[in-house]
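Contents: one structure, followed by commentary.
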Amino acid sequence: MTRFLGVLILMALVITGSNAAQSGLPPLTVPDCLGVNIHFTGTEAEQVAKIADEGFRFIRMDFSWVHIEKAKGVYDFKAYDELVDSLASKGIRAYFILDYGNPLYDNDMAPHTDEGRAAFVKFAAAGAAHFKGKGVLWELWNEPNGGFWRPSSNIEDYVKLAKVVYPALKKADPDCTVLAPALAGWDYAYIEKAFKLGLLENTDVVSLHPYGAGKPEDAAVLYAKVRELIAKYAPPLASPPDKGGEKGRREYPLVSGEWGYSTFSKGVSEETQADYIARQALSNIMNQCRVTIWYDWRDDGPDPKENEHRFGTVRQNMEGKPAFFAMKTLTTALNGYTYANRIRPGSEDDCLALFRKGDDYRLAAWTIGDPHTISLPLDVGEVEIVSRSGDRSKVEVKDGKLELKLTASPQYVEPVGKSLRWAAEAAWSVDAKAEVTDKGLMLKVNSSGGGAEIGIAGAGVDKAGAQTKAGLSTPYKYSGQSKPVVTVTLKLEGMKEPLVRVIELDASTCPKLEVLPSAGRKILIDLRLPPSVCKDGFSGIVKIGNPDGIQFEQMTATVISPPGQERGLVLFEAVRQPSALFAFALKLLDSEGRTIISLPAKRYSIIESFADGKVGDVALKYAVQLDGDAKVHAEAKLTYCKAPAGAQADTCAKLDYSFDSGWKYVTIAQGLPIPIFEKPLYAKAWVKGDGGSGVGRLRIRDSGDQTFQPDFGALNFTDWRCLEADMTGKVAGHWGGKNDGKMAYPVKWDTLFLLDNVGGGETKGTIYLGPMMLCYD
């Protein structure tokens with residue numbers, strides 16, 4: 001064994017077991033971090049035994065106020081005592097939801113008066129004190145941004161409740177763990193406002209329900225966005241008195257507290273549900289979700305056409321569905337193993353999760369793409385492969401390569417013998433970052449391989465920088481992708497094949513060029529400079545290349561940004577109106593003529609400018625419709641107006657709206673068909689917000705009659721901003737039809753723009769709409 005390989009393996013062994021439980025949360029060890037929703041209390045020995053047999057170590061259940069406090073100030077915990085004791089006998093912990101109204105207070109609505117909140121606090125504190133030391137996790141409410149906060153969602157009232165419940169729980173049991181807000185779906189606007197109002201100061205863990213993800217792996221986008229919001233709003237840590245410098249911020253673990261896929265007639269098949277339950281658990285672990293709760297344990301009813309009746313892993317008669325056996329296989333194959341690293345054989349669609357227990361390693365493998373075979377380097381002579389359903393087969397490793405067929409169903413690879421290669425894979429950490437220096441844009445790579453030989457390759461990488469030592473720095477040309485990747489290799493003595501890691505490049509310090517929606521013959525380019533660049537000012541040239549469907553009056557533009565200016569617009573003029581679908585490439589050069597950004601030719605389609613209407617006229621070519629709760633009064637009107645300052649055209653559309661309290665939203669649907677060419681990646685729209693709680697969305701319908709509802713985002717600003725919405729169906733937004741995780745092309749518009757009254761409060765206001773555009777590869 002070489003010195004470097006020995007160091008890596010030692011690192012792997014040291015890391016094992018270091019992921020100790022914090023604040024009552026389990027380590028990310030299978031099956032300790034996995035659980036399921038139930039709908040029962042009491043002993044229920046048969047059900048509890050079968051839940052344990054499936055491998056779950058948590059149950060999530062309503063800690064129902066109305067069933068515990070039936071007379072004021074009198075709490076009956078008997079049914080929950082029986083449940084907790086029954087669970088404990090099988091090594092299962094309780095994850096209780098403090099929830100729902102009580103007819104004794106606030107007319108059975110969610111607590112919203114001082115009296116109601118005070119009563120709820122006493123109930124919650126009594127529960128925490130009663131179950132102190134029993135390992136219970138306490139979650140405040142269930143999906144308060146949805147229909148469970150009666151009479152309608154109210155962020156202010158929810159956070160007010162959190163601010164009095166949290167300290168009461170901590171007083172009753174200082175070691176208890178509190179989770180919030182049990183967010184339904186991908187409601188960024190709700191969670192950001194809750195954070196602004198102080199929710200993070202009154203929870204230990206952020207809990208999410210990623211419903212809407214077309215497939216389990218898509219939830220990574222939600223987790224990343226919520227972590228960004230946590231970093232933005234987390235309270236600072238107290239700085240030790242003997243240490244100066246900037247205070248850090250408190251960290252909050254994420255929990256996936258409820259999420260599943262129903263096998264009702266228009267849902268996923270039972271086989272797909274089985275794939276998804278395993279992939280959800282595995283991908284959540286890979287995304288550092290400290291607990292994953294599957295919804296649901298048992299089918300809730302007999303109707304195959306009823307969505308709510310078919311989320312279970314077992315049928316009503318307790319017979320296991322394929323999902324039951326998929327989870328049992330996972331928890332058996334990986335029992336006691338902790339996630340170590342992701343092996344990337346080349347395709348981003350392939351998911352190879354490496355787990356470790358001591359000096360043993362196992363691999364969970366599947367693909368979100370089409371089934372195919374990969375050739376995986378491995379230093380053992382034979383492996384045992386466990387299928388999703390638990391079947392085992394032995395496969396020979398020939399010439400140091402394992403031929404492994406990947407499908408949508410996870411399988412588990414167990415080496416026969418010790419794999420030094422997988423020990424090194426588990427221990428090897430590598431990162432790459434691009435940043436502008438006095439030598440131009442450089443790519444810097446850091447690797448834990450010590451002095452071992454590393455290499456790097458990928459779009460924009462200077463080949464002269466390959467095959468060098470750790471601490472590589474090489475010239476780089478950024479191609480503008482939101483998630484650029486590079487391939488890093490690590491050569492170790494005594495190992496035939498190098499380790500290969502395809503990693504996402506940190507491009508946060510790169511300048512950005514982005515084409516924005518525009519009207520007429522204008523083409524707008526947004527130049528964004530990171531703080532490290534803009535602090536000293538920047539000068540350079542933006543160049544157009546390879547135009548198609550558009551003819552420019554000039555092909556270059558000089559940019560000069562003074563110190564401190566982070567962004568600016570670069571204007572190009574077309575000779576005439578561009579075609580319905582047009583394309584061009586872009587480059588950014590610095591003052592020395594070195595290429596900083598090189599964007600290949602991409603295609604664009606301007607779908608609406610709102611600049612061709614007569615000021616004061618109603619926008620009759622669009623149908624403005626109110627939807628939601630029919631009992632909630634609302635009004636909305638779309639007219640053309642003189643654009644407020646900062647717009648990209650003289651005329652724009654103005655949407656005046658008013659909503660009474662309750663669930664209501666307004667849609668702007670096309671009258672005459674607006675074509676959607678081929679497969680757009682995202683839509684962009686200029687919007688001037690009004691600082692309210694509304695959220696902008698759109699809807700598209702695919703050729704399989706599925707409806708998707710991507711988000712433009714919160715409109716809680718008052719200036720003009722260019723907002724972006726995903727058009728691929730990969731980032732949540734499923735609204736109707738069979739949710740099969742795929743978008744069937746061609747697609748068409750259902751709703752060009754949707755204003756959602758998030759929170760359901762009484763409100764009115766005005767937003768303005770400017771040019772909209774579709775962007776392609």
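Things to note:
- Boolean, L492 is under 21 Å from L599 (Cβ atoms), buried (at least 16 other Cβ atoms within 10 Å of the Cβ) and not β-branched (V, I, T): no
- A residue that is of a type in the set (D, E, K, R) and under 23 Å from the mean Cα position of the chain (by Cα) occurs somewhere in the range 349-363.
- Contact map, the range 429-445: first residue among the polar types (S, T, N, Q), second residue in a loop (DSSP other than H, G, I, E, B), Cβ cut-off under 7 Å, separation 6 or more or different chains; pairs are S429/S448.
- Candidate set from the range 731-777 (those that are modelled with pLDDT under 90 and of a type in the set (D, E)); member that is nearest to C652 (Cα to Cα): E762
- Boolean, G760 is surrounded by fewer than 22 Cβ atoms within 10 Å (Cβ to Cβ) and either among the polar types (S, T, N, Q) or touching a residue at least 40 places away in the same chain (Cβ under 8 Å) (or both): no
- Tallying residues that are crowded, with 16+ Cβ neighbours inside 10 Å, more than 22 Å from the chain's Cα centre (by Cα) and part of a loop (DSSP other than H, G, I, E, B) within the range 692-711 yields 1.
One line per residue, one yes/no per condition, for (1) over 24 Å from F717 (Cα atoms); (2) of a type in the set (A, V, I, L, M):
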residue	(1), (2)
I560	yes, yes
E608	no, no
L620	yes, yes
D629	yes, no
T639	no, no
A649	no, yes
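- Selection of the range 651-674 for residues being closer than 15 Å to K621 by Cα, assigned to a loop (DSSP other than H, G, I, E, B) and out of contact with any Lys or Arg (no Cβ under 7 Å at 6 or more places or on another chain) yields P673, I674.
- Between I503, I541, I523, the distinction of being surrounded by fewer than 17 Cβ atoms within 10 Å (Cβ to Cβ), part of a strand (DSSP E or B) and aliphatic (A, V, I, L, M) belongs to I541 only.
- In the condition set (1) out of contact with any Lys or Arg (no Cβ under 7 Å at 6 or more places or on another chain); (2) outside the structural domain of L443 (by TED's automatic domain parsing); (3) not β-branched (V, I, T), K491 is compliant with all but (2).
- Where I230 falls short, out of the listed (1) surrounded by 18 or more Cβ atoms within 10 Å (Cβ to Cβ); (2) not in a helix (DSSP H, G or I): (2)
- Some residue of the range 177-188 being surrounded by fewer than 19 Cβ atoms within 10 Å (Cβ to Cβ) and modelled with pLDDT under 95: no
- Exclusive hit being at pLDDT 90 or above, over 35 Å from the mean Cα position of the chain (by Cα) and over 30 Å from P675 (Cβ atoms), set A557, A619: A557
- Qualifying strands (runs of 3 or more DSSP E) (wholly inside the range 584-650; at least 2 residues being touching a residue at least 60 places away in the same chain (Cβ under 8 Å), surrounded by 15 or more Cβ atoms within 10 Å (Cβ to Cβ) and charged (D, E, K, R)): 595-608
- W686 vs. criteria touching a residue at least 40 places away in the same chain (Cβ under 8 Å), crowded, with 19+ Cβ neighbours inside 10 Å and hydrophobic (A, V, I, L, M, F, W, C): yes
A quick yes/no check of all residues on (1) under 17 Å from P345 (Cβ atoms); (2) among the hydroxyl-bearing types (S, T, Y); (3) surrounded by 18 or more Cβ atoms within 10 Å (Cβ to Cβ):
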position	(1), (2), (3)
E382	no, no, no
S393	no, yes, no
L406	yes, no, yes
S409	no, yes, yes
V416	no, no, no
K433	no, no, no
V436	no, no, yes
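Residue-by-condition table, conditions (1) small (G, A, S); (2) within 24 Å of the chain's Cα centre (by Cα):
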residue	(1), (2)
A685	yes, yes
D690	no, no
A725	yes, yes
K742	no, yes
D750	no, no
V758	no, yes
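- Every residue from the range 255-291 that is basic (K, R) and at pLDDT below 95: K266
- Screening G198 on (1) touching a Ser or Thr at 6+ places or on another chain (Cβ under 9 Å); (2) under 18 Å from P236 (Cα atoms) shows it passes everything except condition (1).
- Matching option when the condition is within 27 Å of E54 (Cα to Cα) and charged (D, E, K, R), among E425, E384, E396: E384
- Applying the criterion of at least 2 residues that are more than 21 Å from Q280 (Cβ to Cβ) to the strands (runs of 3 or more DSSP E) found wholly in the range 338-445 leaves 350-357, 360-367, 372-377, 382-386, 392-396, 401-406, 411-415, 430-437.
- Qualifying residue in the range 49-59 (condition: more than 34 Å from the chain's Cα centre (by Cα), outside any strand (DSSP E or B), surrounded by fewer than 17 Cβ atoms within 10 Å (Cβ to Cβ) and not hydroxyl-bearing (S, T, Y)): no
- Test: residue in the range 176-195 that is closer than 26 Å to A79 by Cβ, in contact with a strand residue (DSSP E or B) (Cβ under 6 Å, 6 or more places away or on another chain) and without any contact (Cβ under 8 Å) to a residue 40 or more places away in the chain: no
- Number of positions in the range 107-116 that are surrounded by fewer than 20 Cβ atoms within 10 Å (Cβ to Cβ) and within 15 Å of G73 (Cα to Cα): 1
- Residues of the range 76-89 that turn out to be touching an Asp or Glu at 6+ places or on another chain (Cβ under 9 Å) and not in a helix (DSSP H, G or I), as a count: 1
- Selected residue (only one of Y295, Y261 is buried (at least 24 other Cβ atoms within 10 Å of the Cβ) and among the hydroxyl-bearing types (S, T, Y)): Y261
- Condition met for G440 (at positive phi and in the same structural domain as S473 (by TED's automatic domain parsing)): yes
The values are calculated or read from the model by the stated rules, or taken from the named source; none is laboratory data. Given the structure is predicted, the values throughout are model-derived calculations rather than measurements. Here Cβ is always computed from backbone atoms with ideal geometry, including for glycine, and neighbour counts include all displayed protein chains.
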